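The values are calculated or read from the model by the stated rules, or taken from the named source; none is laboratory data. Worth saying up front: this structure is predicted, and the values here are computed from it rather than measured. Because the Cβ atoms are built from the backbone with ideal geometry, glycine has one as well, and the counts that use them run over all protein chains shown. Quick note on the areas: whole protein, heavy atoms, side chains included, nothing else; ligands and nucleic acids left out. Shrake-Rupley method; radii C 1.70, N 1.55, O 1.52, S 1.80 Å.
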Amino acid sequence: MQLNDFQKAIVQGIPQLLPKLKTYNPEVNHAPVRKDILNADEKKLALKNALRYFDAKHHNILAPEFAEELKKYGRIYMYRFRPDYKMYARDIEAYPHKSKQAAGIMLMLQNNLDPAVAQHPEELITYGGNGAVFQNWAQYLLTMRYLSEMTDEQTLALYSGHPMGLYPSHKDAPRVVVTNGMVIPNYSAQDDWEKFNALGVSQYGQMTAGSFMYIGPQGIVHGTTITVLNAGRKIEKDGEGLGGKIFVTSGLGGMSGAQPKAAVIAGAIGIIAEVNPKVVHTRHSQGWVDEVFTDLDVMVARIRKAQAGKEAISLAYQGNIVDLWEKFVQEDLYVDLGSDQTSLHNPWAGGYYPVGLTFEESNEMMANNPEEFKIKVKETLRRHVDAINKLTAKGMYFFDYGNAFLLESSRAGADIMKENGDFKYSSYVQDIMGPMCFDYGFGPFRWVCSSGNAEDLDLSDKIAMNVLEEISKTAPKEITQQMQDNIRWIREAKENKLVVGSQARILYADCEGRTKIAAAFNDAIKDGKISAPIILGRDHHDVSGTDSPYRETSNIYDGSSFTADMAIQNVIGDGFRGATWISIHNGGGVGWGEVVNGGFGMMLDGSADADRRLRMMLHWDVNNGISRRSWARNEGAVFAIKRAMEAEPNLKVTLPNFADDDLIEGCF
Ligand SMILES: NC(=O)c1ccc[n+]([C@@H]2O[C@H](COP(=O)([O-])OP(=O)(O)OC[C@H]3O[C@@H](n4cnc5c(N)ncnc54)[C@H](O)[C@@H]3O)[C@@H](O)[C@H]2O)c1
């Protein structure tokens with residue numbers, strides 16, 4: 001399609017004339033059929049809701065068509081309205097716009113729906129099985145139209161994907177404010193999501209899906225590499241590293257797909273089970289998985305060879321993770337590190353496949369016999385945990401990877417609890433990311449080069465590396481390991497070919513690193529060294545953005561881990577300090593109702609305004625979370641916030657006093 005036609009299609013929004021009916025493409029990875037949750041009256045309501053987007057003259061055709069979608073898929077996606085142009089992040093100048101910031105947001109939206117990036121692109125789902133950008137194609141079309149016509153004195157309000165409209169604001173205000181899945185707290189059970197989503201009034205935005213900040217699996221390769229490296233440090237005896245050691249896990253999907261690559265970068269043998277053959281094929285063809293097996297005997301022989309040769313290699317088992325674990329128990333194969341990344345935040349709707357059923361049988365049962373499906377999932381979880389317990393008894397270090405594995409296993413009655421009521425295993429945030437990274441302000445900072453040019457990304461890598469090297473010359477010993485891991489990462493990033501979709505990069509940095517890198521990018525844009533604006537952002541899985549008692553805030557031990565003030569404070573604070581867009585979500589990672597998380601996007605265009613905004617906003621965006629972690633008496637965070645106060649006299653944070661444990665004991 002010519003550029004001109006693409007631009008016309010964007011400006012048009014929802015077409016006046018009905019486009020031709022689209023065929024359902026079986027080659028594409030589709031979202032599972034959702035369960036039939038609505039009663040007869042609610043179905044009528046869902047249909048009426050969907051028709052709100054269209055001129056009444058089309059209702060005769062659209063009403064039966066949408067009713068059929070609801071019946072067949074459990075949702076109304078409005079497939080007919082999928083655009084005819086190719087979906088990918090274009091050069092920012094390709095987007096018709098009056099606001100450059102809005103054009104940057106369009107680029108990010110298209111990147112999140114690019115079939116090379118998104119998990120179920122035709123259902124507008126980016127990752128995590130149900131992490132939606134929009135609920136239906138009408139919302140996408142209308143949003144793109146609003147973005148193309150808005151100015152820097154307007155703000156678009158997005159309610160769970162629905163563009164409520166453009167409202168007058170000012171140039172320092174966010175261009176878009178996103179809320180996803182925000183519901184009255186008592187209505188946050190899994191079936192509430194099923195119902196509200198089927199009605200077309202709410203959606204699960206996961207983390208970066210609903211805020212258009214997902215940059216493909218690269219975003220998570222880095223975090224996973226850091227996790228595997230640090231998990232390796234926990235089990236090594238003599239600084240011997242991960243050579244010849246096995247890391248066994250599951251999932252090759254949106255985020256989990258990063259595991260094989262990360263294991264290899266960390267020098268280990270990555271062994272990953274995945275039930276969905278299409279997903280296995282995608283990761284294998286991208287080169288993220290080295291070899292694929294369907295026969296467990298053949299695979300075990302290959303693993304033993306890799307152990308003997310200390311190969312850094314990734315091997316995928318196309319099948320159920322429970323079959324793989326049970327085989328290792330049976331073969332008495334020693335496993336060094338173990339984890340799991342099935343989508344257990346979404347256990348009843350395709351996140352976790354029961355053992356003993358084919359992939360197709362599971363999908364069929366999920367839609368047509370959800371109660372039986374639930375029973376199968378729970379049985380599988382109990383077997384899953386039994387096998388893991390046998391291997392940890394022999395020395396394996398197992399950690400929960402933030403997918404609600406421990407939580408759902410406990411709910412399924414698996415043998416996962418200690419006598420004192422704690423889980424037998426730690427989450428990776430409790431043991432690794434929290435105390436080593438988040439408490440010091442280190443988190444997943446990322447950027448996208450809006451020109452789409454690899455040369456801009458190259459230069460930005462070099463700028464970031466120079467900044468980190470400069471800071472590390474005087475960095476205190478508490479953060480030296482983090483600095484070194486990230487300098488090594490950015491030095492090797494290009495060589496590791498991590499880009500899928502937009503020209504994006506990620507690294508972990510603290511407030512000083514993030515601010516200095518962003519300011520240096522802005523200068524390079526001003527000087528014309530980088531050819532177009534850079535869009536900054538981060539994963540929601542960070543120091544300040546997410547309140548999640550089983551993950552991001554699992555190493556908060558003052559009883560406040562079930563509060564969500566930090567995430568809410570964060571998004572509000574980012575909003576008035578200059579973010580280009582902000583988002584706040586119910587659900588993300590560990591599941592609907594289990595977490596409140598938010599993020600931001602910020603465009604750097606080389607202007608003095610951008611410089612002012614980035615300094616103000618990034619400072620809050622990191623120090624808010626360090627303050628809360630410090631108040632929870634986390635020692636690394638107390639250290640980090642004291643340092644931050646020395647660097648910025650206007651920062652005055654309430655510090656905790658430490659009570660004597662013997663004194664407390666004596667009181668009861
Ligand atoms: N990577 C990280 O750093 C990270 C951090 C926090 C949380 N998580 C969590 O990890 C989970 C996975 O995320 P994702 O984006 O990859 O989700 P995803 O749904 O894209 O991928 C999960 C994959 O697991 C497969 N699967 C399900 N049951 C299986 C089984 N029994 N055996 C083998 N494979 C099975 C699915 O087919 C799917 O491809 C989510 O719950 C996410 O929140 C990941």
field: ALA89 being touching a residue at least 12 places away in the same chain (Cβ under 8 Å) and surrounded by 16 or more Cβ atoms within 10 Å (Cβ to Cβ)
entry: yes
- prompt: For PRO549, which of the numbered conditions (1) more than 25 Å from GLY129 (Cα to Cα); (2) free of Cβ contacts under 8 Å to residues at least 60 places away in the same chain; (3) not in a helix (DSSP H, G or I) fails to hold?
  reply: (1)
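For the stretch 334-342, state whether one or more residues are modelled with pLDDT under 95 and small (Gly, Ala, Ser). Quick ask: steps written out before the conclusion?
Initial filter on the stretch 334-342 (modelled with pLDDT under 95): none.
No, the conditions are met nowhere in the stretch 334-342.
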statement: Quick count over the stretch 447-481, residues being under 21 Å from LYS494 (Cβ atoms) and among the polar types (S, T, N, Q), is 6
message: Can you find a residue that is modelled with pLDDT under 90 and over 19 Å from ARG551 (Cβ atoms) anywhere in the stretch 240-254?
response: yes
message: Looking only at helices (runs of 4 or more DSSP H) that lie completely in the stretch 230-333, which have at least 3 residues being surrounded by fewer than 24 Cβ atoms within 10 Å (Cβ to Cβ)?
response: 277-285, 296-308, 321-331
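Could you tell me whether VAL595 is away from the ligand (no atom under 16 Å from the Cβ), touching a residue at least 24 places away in the same chain (Cβ under 8 Å) and in contact with a strand residue (DSSP E or B) (Cβ under 8 Å, 6 or more places away or on another chain)? Before you say what the answer is, go through the steps one by one.
Working: away from the ligand (no atom under 16 Å from the Cβ): no; touching a residue at least 24 places away in the same chain (Cβ under 8 Å): yes; in contact with a strand residue (DSSP E or B) (Cβ under 8 Å, 6 or more places away or on another chain): yes.
No.
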field: Failed condition for TYR214, given (1) within 30 Å of GLN481 (Cα to Cα); (2) of a type outside the set (Lys, Arg); (3) more than 10 Å from the ligand (Cβ to nearest atom); (4) part of a loop (DSSP other than H, G, I, E, B)
entry: (3)
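Does the stretch 37-52 contain any residue that is of a type in the set (D, E, K, R), at pLDDT 95 or above, more than 27 Å from ALA102 (Cα to Cα) and open to solvent by less than 100 Å² (accessible area, probe 1.4 Å)? Spell out how you get there, then give the answer.
Residues of the stretch 37-52 that are of a type in the set (D, E, K, R), as a first pass: 41-44, 48, 52.
Still in the list and also at pLDDT 95 or above: 41-44, 48, 52.
Applying the additional criterion that residues be more than 27 Å from ALA102 (Cα to Cα) yields 41-44, 48.
Going one step further and asking which of them are open to solvent by less than 100 Å² (accessible area, probe 1.4 Å), we end up with 42-43.
Yes, the stretch 37-52 contains at least one residue that is of a type in the set (D, E, K, R), at pLDDT 95 or above, more than 27 Å from ALA102 (Cα to Cα) and open to solvent by less than 100 Å² (accessible area, probe 1.4 Å).
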task: Scan the stretch 386-409 residue by residue and report those that are surrounded by fewer than 24 Cβ atoms within 10 Å (Cβ to Cβ), over 24 Å from the mean Cα position of the chain (by Cα) and either part of a helix (DSSP H, G or I) or within 15 Å of the ligand (Cβ to nearest atom) (or both).
output: ASP386, ALA387, ASN389, LYS390, LEU391, THR392, ALA393
message: Looking at VAL201, VAL178, can you tell me which residue is away from the ligand (no atom under 15 Å from the Cβ), under 14 Å from GLY161 (Cβ atoms) and open to solvent by 10 Å² or more (accessible area, probe 1.4 Å)?
response: VAL201
- line: Picking from PRO115, PRO96, PRO32, PRO83, the residue that is over 20 Å from the mean Cα position of the chain (by Cα), within 30 Å of THR282 (Cβ to Cβ) and part of a loop (DSSP other than H, G, I, E, B) would be PRO83
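State whether the residues of the stretch 570-587 include one that is at pLDDT below 95 and either assigned to a strand (DSSP E or B) or at positive phi (or both). So that I can check it myself, show each step before the final result.
The initial filter retains those residues of the stretch 570-587 that are at pLDDT below 95, namely 587.
Among the residues that remain, those that are also either assigned to a strand (DSSP E or B) or at positive phi (or both) are: 587.
Taking every residue of the stretch 570-587 in turn, at least one turns out to be at pLDDT below 95 and either assigned to a strand (DSSP E or B) or at positive phi (or both).
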- request: State whether the residues of the stretch 367-384 include one that is within 16 Å of the ligand (Cβ to nearest atom), more than 19 Å from VAL275 (Cβ to Cβ) and outside any loop (DSSP other than H, G, I, E, B).
  value: no
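Take the conditions open to solvent by less than 20 Å² (accessible area, probe 1.4 Å) and out of contact with any Pro (no Cβ under 8 Å at 6 or more places or on another chain) and apply them to GLN119. Does it pass?
In short, no.
For GLN190, are the conditions met, namely being away from the ligand (no atom under 16 Å from the Cβ), among the polar types (S, T, N, Q) and open to solvent by 30 Å² or more (accessible area, probe 1.4 Å)? I'd like the intermediate steps shown before the answer.
On the way: away from the ligand (no atom under 16 Å from the Cβ): no; among the polar types (S, T, N, Q): yes; open to solvent by 30 Å² or more (accessible area, probe 1.4 Å): yes.
No: the conditions fail for GLN190.
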message: Quick test of your reading of the structure: HIS345 fulfils all but one of (1) surrounded by fewer than 21 Cβ atoms within 10 Å (Cβ to Cβ); (2) modelled with pLDDT under 95; (3) near the ligand (Cβ under 9 Å from one of its atoms). Name the failing condition by number.
response: (1)
- prompt: Is it the case that the stretch 141-149 has a residue that's within 14 Å of GLY200 (Cα to Cα) and either surrounded by fewer than 22 Cβ atoms within 10 Å (Cβ to Cβ) or polar (S, T, N, Q) (or both)?
  reply: no
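Scan the stretch 436-454 and give yes if some residue there is among the polar types (S, T, N, Q), out of contact with any Ser or Thr (no Cβ under 7 Å at 6 or more places or on another chain), surrounded by 23 or more Cβ atoms within 10 Å (Cβ to Cβ) and under 21 Å from ILE220 (Cα atoms), otherwise no.
The first filter runs over the stretch 436-454 and keeps only residues among the polar types (S, T, N, Q), leaving 450-451, 453.
Going one step further and asking which of them are out of contact with any Ser or Thr (no Cβ under 7 Å at 6 or more places or on another chain), we end up with 450.
Imposing the further condition that a residue be surrounded by 23 or more Cβ atoms within 10 Å (Cβ to Cβ) reduces the set to 450.
Checking which are under 21 Å from ILE220 (Cα atoms) leaves us with 450.
Scanning the stretch 436-454 turns up at least one residue that is among the polar types (S, T, N, Q), out of contact with any Ser or Thr (no Cβ under 7 Å at 6 or more places or on another chain), surrounded by 23 or more Cβ atoms within 10 Å (Cβ to Cβ) and under 21 Å from ILE220 (Cα atoms).
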